[in-house]
Amino acid sequence: MGMQSKRQAASTVGRPRAFDVDEALDQALKVFWRKGYEGASLPDLTRAMGINRPSLYAAFGNKEALFRKALDRYDDGPAAYVREALEEPTARAVVQALLRGTVDLLSCPQNPHGCLMVQGALSCGRTANPIRRELASRRAAGEAAIRRRLKRAISDGDLPADTDAGDLARYVSTVMQGMAVQAAGGASRKELLRVVKMALRAWPASGACVGASHAG
């Protein structure tokens, strides 16, 4: 072997193996989803991602930064149904899509149990307060988006004029989060769909909503 070849071989020693950043982030997402933020240790994460700790830091920053990137991945992937649901033409169709999408997410056998936005905060101690606040902020933003869509429905005459969009959005968000807790405790898809059906029975009546089909 010539000197140049020896130098080339030596230069590769100790280099971290190349990895797919998106795939590694998907694996980190599953760990956080399954174990929560504090429950997911760095060894858990590096093992699932197939990388060492220096590579994790170099590609994603610290654990908190990795979790925030995983949340973005979750919003753009498994939870993308929320944005799509808000584009439905009627308020009832919006809520039906939100609730059915939640059931699909929670009952998919490829997903960990529960919802990352709920699971992520489990057992968060004082040191994880920034993460707790981040999750609370994202949940609040989701509820605000629903509220804005329902206000538009009121303006369009799709909901009664005396509807309180804030209360209704909070109700919808509570049902979605409650189903996540139920799913984490072992509730079946069939049981969750019954919750959706009951929630839609309580939906405000209006001319635009008459005749819309129930979920389930």
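Structure data summary
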quantity: Residues of the range 17-37 satisfying the condition of being open to solvent by 30 Å² or more (accessible area, probe 1.4 Å) and not in a loop (DSSP other than H, G, I, E, B); calculated: Val21, Asp22, Glu23, Asp26, Gln27, Lys30, Arg34, Lys35
quantity: Scan of the range 38-54 for residues that are modelled with pLDDT of 90 or more and either within 20 Å of His113 (Cα to Cα) or surrounded by 18 or more Cβ atoms within 10 Å (Cβ to Cβ) (or both), ordered by number; calculated: Ala40, Ser41, Asp44, Leu45, Thr46, Ala48, Met49, Ile51
quantity: Every pair of residues 6+ apart whose Cβ atoms lie under 7 Å, when the first sits in the range 31-55 and is more than 23 Å from Leu135 (Cα to Cα) and acidic (Asp, Glu) while the second is modelled with pLDDT of 95 or more and surrounded by 17 or more Cβ atoms within 10 Å (Cβ to Cβ); calculated: none
quantity: Residues of the range 50-89 classified as closer than 18 Å to Gly142 by Cα and outside any helix (DSSP H, G or I), total; calculated: 7
quantity: Test: residue in the range 103-111 that is over 26 Å from Asp44 (Cα atoms) and assigned to a helix (DSSP H, G or I); calculated: yes
quantity: Residues located in the range 63-116, provided they are basic (Lys, Arg) and within 24 Å of Glu38 (Cα to Cα); calculated: Lys63, Arg68, Lys69, Arg73
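A quick yes/no check of all residues on (1) open to solvent by 40 Å² or more (accessible area, probe 1.4 Å); (2) farther than 22 Å from Ala70 by Cα; (3) among the charged types (D, E, K, R):
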site: Arg132; (1), (2), (3): yes, no, yes
site: Ser137; (1), (2), (3): yes, no, no
site: Asp164; (1), (2), (3): yes, yes, yes
site: Ala169; (1), (2), (3): no, yes, no
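The values are calculated or read from the model by the stated rules, or taken from the named source; none is laboratory data. Values in this document were obtained by computation on a predicted structure and should not be read as measured data. Ideal geometry is used to build each Cβ from the backbone, glycine not excepted, and the neighbour counts take in all protein chains shown. Only protein heavy atoms, including side chains, enter the accessible area calculation; ligands, DNA and RNA are left aside. Shrake-Rupley method; radii C 1.70, N 1.55, O 1.52, S 1.80 Å.
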